[in-house]
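Note sheet for the following structure.
The values are calculated or read from the model by the stated rules, or taken from the named source; none is laboratory data. Only a predicted model underlies this, so the values are computations on that prediction, with no experimental measurement involved. Using ideal geometry, Cβ is built from the backbone for each residue, glycine included, and neighbour counts are taken over all protein chains shown.
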Amino acid sequence: MSAKRLHSGGIINRSVPITFYWDDMPFTAYEGDTLAAALLANQQTLVARSFKYHRPRGIMSAGVEESGALVTIGSGAKATPNTTATTQEIFEGLHAYGQNAYPHVRFDVGEVSNLFGRFFAAGFYYKTFMGIPPLEWGAQWGTKIWMWYEKLIRRAAGMGEASRLPDPDSYEHQHAFCDVLVVGSGIAGLTAAITAAENGLDVLLVEQDFEWGGALLSHADISQRVELINKAESLRVRMMKRTTAFGLYENGCAGLLERVSEHLSQPPATMPRQRVWQVQAGYTIVASGSLERGFAFGNNDRPGVMTANAAQHYLNRFGVLVGQNIVIATNNDSVYATAIALQQAGAAVSIVDARADIGLELHQTASDYGIALYLGNMVGNACGRAHVNEVELAMPYANSANAASESDNEQKTNGIVPCSLYGTRLPCDSLLVSGGWSPVVHLLSQRGIKPVWDSARACFVPPAAHYPELKLSAAGAVNGLWDSDDCIQSGREAGLAAVLAAQQAAANGSNIAHAKIKSKVAGRGWQTPIAPLYEVQIVKRPKKSFVDFQHDVTSDDVRLAQREGFVSVEHLKRYTTLGMATDQGKMGNVVGLAQMAAAAGKPIDEVGTTTFRPPYTPISIGALAGRQVGSHFRPLRRTPLHSWNEARGAVMTMAGLWHRPWYYAREGESISDAYRREAKTVRECVGLCDVTSLGKIAIVGVDATELLNRLYANAFAKLPIGKARYGVMLRDDGIVMDDGTTWRLSEHEYFMTTTTANAAKVMAWMEECLQTRWNELRVHVSSVSDQWAGVAIAGPQSQKVLQQCLTNAADVDNERCPFMAVINTTINAASQKIPCRIARISFSGERAYEIYIPSDFAVAVMDVLWAAVEAAGGCLYGLEALGTMRIEKGHVTAAELDGRVTIEDAGLGKMASVKKSYIGSALKNRPELLKEDRPRLVGIFPKQRAQTFRTGALLCTPDNVKGQGIGWITAVTHSEVVGHWIGIGYVAGGHEAWAGKTLVAADLLRNSHVEVEMVSPHMFDPFGERMHD
Amino acid sequence: MTNTKSNSSITRQGALASVRPGVYESGQWVAESASGAVDITIAITQNLNLQQITFWQESAAVLNQQLQTHLGLSIPEPLKTQHAHGATLLRLEPFKCWLVGGSKTADALSSLLSLDIEAASVLDLSHARTHISISGQPAADLLNRHLAIDLREKSFLAHSVASTVFDHVGTTLYRSENKNGAPHYELLLPRTFALSLWEQLLTSASASRTTITHQ
Amino acid sequence: MLRIKCPFCGERNHNEFSYGGDASIKYPALDAPLQAWHDAVFLRENICGRQLETWQHVHGCRMWLVVERDTQTHEIFSVRAADEKMQAFSQTGSVVSLSDNARDNASNNTAASVAHQSAASVVDKSASNAANHQATKKPPRKKSKKAKRK
């Protein structure tokens, strides 16, 4: 426990001390710290409890791969669980909490589960609790008991707890475009960005950290980093910090997550917490670097164990020395520079290298700096409870005396080395591990590039550096390049590949022949090759060794899975949950695969690796939702009369994206009171209704008549100018698509209305017909749904009331405006004559007029109409009353025209023309559609008139109330004019087939059955006398 | 049948008529005098004149002549606009243009109407769209919060037009000449969605200092 | 993100487009026999690989497009307007060149006479439509051949 902050070094700002709180205890950090650095500087090394065994855990890395230090940031609604302390930027007043522990991480009663750890292997819960006790109870009971146990188990195991409160933060989305997207601001990324920008390309460079530099941040010498950043800035590279490229998608699309205000102690209220960027890049360069991984050995999860590179990072970036007495366990050259830096910073460093021979030069250097070397040795066990205090060294078991033949041995064992602890112990306060480096191939894998195993470098690498067909290059350490000069060269090459692609695109358009580019960067590698090492397996004295720390997956779990037959990596992953925690196996995957390969006796490349999918690091659901939350979940469509309706007491209902008045409740009225009153008033007097949501289409052209005649099932060729006609459209397959009225305005101009639901569909359908089938027709169609507000005025008094409002009352005389007539006229409003279009058509069955008013005049006209209607004793009516009246009349809506019914089924068969061919006329005559017993539109009365029944109920014969029945009910209402509840629906053969018989309206879900009678769908005013003169 | 002519003597109530003019910053309305600096200016057009002109391949030449004679405009190239005498002609579809604004378009339109319907037709859409103009340095960023059009200086020059989606709603965007040295964009929103989209736009704009006016 | 290069609007995100259906189908004439319509509407291939499909640029220029797309990889090989008149008129310069041609052809004609010419052709066309209608109810398009799949 002797990590400490040094007096100098690093790029933190020591002049700005910051107070933060760890489990509510105040500590001091400096500007530029991560939470992990600040915790280390304050000797807080036990910071978490593990998922399953509640084992103490510490800080294991210095980046996104962290699998130990998961903490909760903030509290209450703002609590963010499972945040990696290694990436969390410090700010004044930051509150961080340990998680999955009671009462706190330093003393956790849950640790008792570690004692029973041997029982908790992979699959333990399923095997133990599913189907017991006793087994004879059968599957049904067993499952219930499992579900009961599961709750307890879930409580004991776990990570941080998400808040159940609504997310108080805001998020937003942003689109961006660039010529080149560079992911990662390490030496390769910066070089690539500079190269592309020097050649005139518009470059966007993104970095997940809050400092530029990537691996350069671990270097003591900052000059190269600063120089590259300055150069990129001077070339106007657009640079985004705190921004993670979480996904690469087809066609140059990238998803970025920008953490906008998470690092601020008092962010402005309007500043979003995060911003998701959808970037469209002409070329993408992935310079995502590589991550150092550990290897499995006894108690390799103890606080105080971390990657070697992390220690160098803490030293050179934050001025934090992770220990005084440091042991480094390695199998490669990369730790030697770290060891020297730590030794120079005042620590005593020993290196335990699995390789017996590391070459003269390294050997000499280590000796020069006074670093103790244990070659041909491995760390077999980490001792200490809350913190590592000693390591036990191990040597290969079979021939521990003969270090020379070690490499043969390793090849045979595939890096899983059976060892014995031979008694040497090294006291220490920090154990640094390096088992090699794993390139961050995640983004490339997302684009379908399968990484290949490179046994010489002991890692998965992309098969090539450049993918011109994907407009993608990989630059730097992601290609398995460990040398900084190689990375610079690789970055430059990637930048030039982007330039070449841009030039080709400019020259040839998008269909370029992709020139194959072959990388010239060979990769110098290390002086002494890496010795594959994934697990130090202590023979005879097995120790718990971890592969996936976040999910507490051990080496034994991996072997157990293999023994139980989970031999595919994808199965291994799902059975053990290896690589399924928040780090997605960034550190553990390769170790697990190697163990799997060894257990199966195969080389690693035959086992393969799992496919990485977005997101690269966790991303909050809120960020994906962006601003489309709450009332903006979807756009709201308002009629021009929206506020006018609301001001007059309208209760709104959703109709697609529209809000439509449902009913206008008066004092003390329920919805049923209101709609019955409204319908009654319309039938007896007059009512006014906003029908703006109907689709409206302007059809203009010399072939407009011909087009309508082909689209509608009924005849349109002889519709006179100044008349409207109700029409039904079929689909190609002969089923009804939509209905509505179409008004002939002049020889070549029509105005079509569609149902609210099908407005967009009918418009697209007409365009499809005109452009893909009948492009000889000269017709333009245009949506005018937004141009016109629509109002229906209906009831016996409608003519009289309307006349009061018109400039010229005679325009709606019975002679000039008979049933189905269309007129252009003006309404006097605000001492102006406002133009409007009126048709005498009726949905309610009463004498009625549909009035279309240019939208911006709708309120002025409505004021006038309403004043007249109100004076006449009329009312405003909503969708519910409209529904009642149309049910009474048997008029169909989308509920009846549900995509399954023919024009005959809907009772409109007589309208279909037999003199012409039209869309659907051939296939509507399919034998199946002509059957007499098809369900036909009917009216439905309850046998006991006082009873009611439900929409959606099935119609069954009384002797067979089950299954699908012989029909269904589409709409039900209480009819004042009929005097009881009525409905419409479909029944096999139509109402004539069931005259005088009783059927059952069966609501099988609620088990309520009502006896009903089938009647004609025209339940009120069957001959339409009321709407004619 | 005739199209409804825009008549300035009748008070029109647009979809955004209720929007309060003023200066909006950090989610609040602030006094205009607080600081001189304004990042974005949004102007809501009150009496939009929007006429759709449709034509055919064979009649393009005739239409062009008429447009030249009466408005000093010709049918723009795809994705381009033409501007003269306060009116802007947008090419939205192969055979459809929109004429936005302008007070002297009545003559031209009546002349177009006199062409045979086979040659060209005019449709009044003045009430079908809500027009707002957005200018200022952060205007492109603001728009890109909602629509996925490449608005980089080199890609979307003045006199460009694009029909696209604004939060899933079909919308037309075009760019005029810079205003006070800053980019100047114009949006045509479907009238019935305009208020909903406006609310979204204003939320996104709250990070900037925004002046809202009616014009 | 699927990106579709609309001939009129340029390359756009797929959420501006809506998918139509199989573009290789030749729909029979409206008065074609039931069997022809049956085959066109119900007999569909389930292609793994390149297929022709219709899309509408519904939030852009509203053109119906024929897109050649690989159903496995999403790669798009070609996009054109379903209506060749629209395709021709979607290119930059098409208005200018067409105007020039029209002017050349018309030479000394005034605009009015050009308008008159087109009006005349309209009369002819509607007359022939009417004739069709009365005689055989046959729409002008005569492609009643059974749809053949490549």
query: Just a yes or no: is a residue in the range A:570-583 assigned to a loop (DSSP other than H, G, I, E, B) and under 19 Å from residue A:461 (Cα atoms)?
result: yes
- request: Output yes when any residue across the range A:805-819 is basic (Lys, Arg) and without any contact (Cβ under 8 Å) to a residue 24 or more places away in the chain, and no when none is.
  value: yes
- prompt: Tell me, which residue of the range A:837-866 that is in contact with a Lys or Arg (Cβ under 8 Å, 6 or more places away or on another chain) and small (Gly, Ala, Ser) is surrounded by the fewest Cβ atoms within 10 Å (Cβ to Cβ)?
  reply: A:845
field: Only one of A:553, A:521, A:499 that is of a type in the set (A, V, I, L, M, F, W, C), modelled with pLDDT under 95 and farther than 30 Å from residue A:337 by Cα
entry: A:553
- line: Out of (1) surrounded by fewer than 21 Cβ atoms within 10 Å (Cβ to Cβ); (2) within 11 Å of chain C (Cβ to nearest Cβ); (3) in contact with a strand residue (DSSP E or B) (Cβ under 9 Å, 6 or more places away or on another chain), the one residue B:78 does not meet is (1)
query: Does residue B:162 fit the bill of being buried (at least 22 other Cβ atoms within 10 Å of the Cβ), touching a residue at least 24 places away in the same chain (Cβ under 8 Å) and assigned to a helix (DSSP H, G or I)?
result: no
- line: Subset of the range A:827-846, residues under 48 Å from the mean Cα position of the chain (by Cα) and either more than 12 Å from chain B (Cβ to nearest Cβ) or among the acidic types (Asp, Glu) (or both), comes to A:838, A:839, A:841, A:842, A:843, A:844, A:845
- request: May I ask you to list the residues in the range A:64-85 that are assigned to a loop (DSSP other than H, G, I, E, B) and not hydrophobic (A, V, I, L, M, F, W, C)?
  value: A:65, A:66, A:67, A:68, A:74, A:75
task: Confirm whether residue A:264 is part of a strand (DSSP E or B) and either away from every other protein chain (no Cβ under 13 Å) or in contact with a His (Cβ under 9 Å, 6 or more places away or on another chain) (or both).
output: no
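Per-residue answers, yes or no, for (1) in contact with a Phe, Trp or Tyr (Cβ under 7 Å, 6 or more places away or on another chain); (2) in a helix (DSSP H, G or I):
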position	(1), (2)
A:867	no, yes
A:870	no, yes
A:880	yes, yes
A:886	yes, yes
A:892	no, no
A:899	no, no
- request: Could you tell me which residue of the range A:723-780 is nearest to the other protein chains (Cβ to nearest Cβ), considering only residues that are assigned to a strand (DSSP E or B) and among the hydroxyl-bearing types (Ser, Thr, Tyr)?
  value: A:746
query: Within the range A:21-32, is there a residue that is touching a residue at least 12 places away in the same chain (Cβ under 8 Å) and surrounded by 24 or more Cβ atoms within 10 Å (Cβ to Cβ)?
result: yes
- line: Within the range A:258-302, residues hydrophobic (A, V, I, L, M, F, W, C), touching a strand residue (DSSP E or B) at 6+ places or on another chain (Cβ under 7 Å) and either crowded, with 24+ Cβ neighbours inside 10 Å or within 30 Å of residue A:18 (Cα to Cα) (or both) come out as A:260, A:276, A:281, A:285, A:286, A:287, A:291, A:295, A:296, A:297
task: Quickly run through the range C:24-65 and pick out the residues that are without any contact (Cβ under 8 Å) to a residue 40 or more places away in the chain and among the β-branched types (Val, Ile, Thr).
output: C:41, C:47, C:54
message: Just to check your reading of the model, which residue among A:961, A:972 is at pLDDT 95 or above and more than 14 Å from every other protein chain (Cβ to nearest Cβ)?
response: A:972
field: Qualifying position, being free of Cβ contacts under 8 Å to residues at least 12 places away in the same chain, surrounded by fewer than 21 Cβ atoms within 10 Å (Cβ to Cβ) and either touching a His at 6+ places or on another chain (Cβ under 7 Å) or closer than 24 Å to residue A:282 by Cβ (or both), among A:233, A:198
entry: A:233
Scan of the range B:39-75 for residues that are away from every other protein chain (no Cβ under 11 Å) and among the polar types (S, T, N, Q), ordered by number: B:41, B:45, B:49, B:51
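Yes/no per residue for (1) surrounded by fewer than 21 Cβ atoms within 10 Å (Cβ to Cβ); (2) at pLDDT 95 or above:
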{"site": "A:979", "(1), (2)": "yes, yes"}
{"site": "A:983", "(1), (2)": "no, yes"}
{"site": "A:996", "(1), (2)": "yes, no"}
{"site": "A:1000", "(1), (2)": "no, yes"}
{"site": "A:1018", "(1), (2)": "yes, yes"}
field: Residue list for the range C:3-53, filter: crowded, with 19+ Cβ neighbours inside 10 Å, among the aliphatic types (A, V, I, L, M) and closer than 30 Å to residue A:254 by Cα
entry: C:4
task: Please specify each residue of the range B:168-211 satisfying the condition of being at pLDDT 95 or above and among the β-branched types (Val, Ile, Thr).
output: B:169, B:171, B:172, B:192
